[in-house]
Amino acid sequence: MPTDFKQIPFTELTAYRNKLRACAADVEATSTVVKRISEQLSEETLVGRAGSSMQEALTGKLAPALQRFYEKLMEEDSDIAAVISGFVGTEQATVKVLTTKS
């Protein structure tokens, strides 16, 4: 696959990182709510097969998916932080980012 560089203004990169962190905080808050609902279901708030099925879906599917999504957000945040730290103290207004063309 051919690669190319894309110029991204430094201010846009930092703004994107801030949005990424806000998204990660929302995902973390959602995970907390999912965990709390799952705990309530396990205490038989909703009884029967429906309650058990919902609790299994929350703990077996949704919670792990949210965790993986959160980890990916943090991985991207870490990558952006590394790029930003490389340009702190320089006078460059844009950052070159390697992209892959498909």
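Things worth noting here:
- The test for being at pLDDT 75 or above, outside any loop (DSSP other than H, G, I, E, B) and farther than 29 Å from ARG17 by Cβ holds for GLN55.
- Cross-chain or 6+ apart pairs with Cβ under 7 Å, region 38-50 first and part of a loop (DSSP other than H, G, I, E, B), then of a type outside the set (A, V, I, L, M, F, W, C) and modelled with pLDDT of 70 or more: GLU44/GLY51
- Condition met for ASP26 (charged (D, E, K, R) and modelled with pLDDT of 90 or more): yes
- Residues within region 19-68 that are surrounded by 14 or more Cβ atoms within 10 Å (Cβ to Cβ), within 26 Å of ALA81 (Cα to Cα) and of a type in the set (A, V, I, L, M), tallied: 4
The values are calculated or read from the model by the stated rules, or taken from the named source; none is laboratory data. Note that the structure is predicted; figures quoted are calculated from it, not measured. Because the Cβ atoms are built from the backbone with ideal geometry, glycine has one as well, and the counts that use them run over all protein chains shown.
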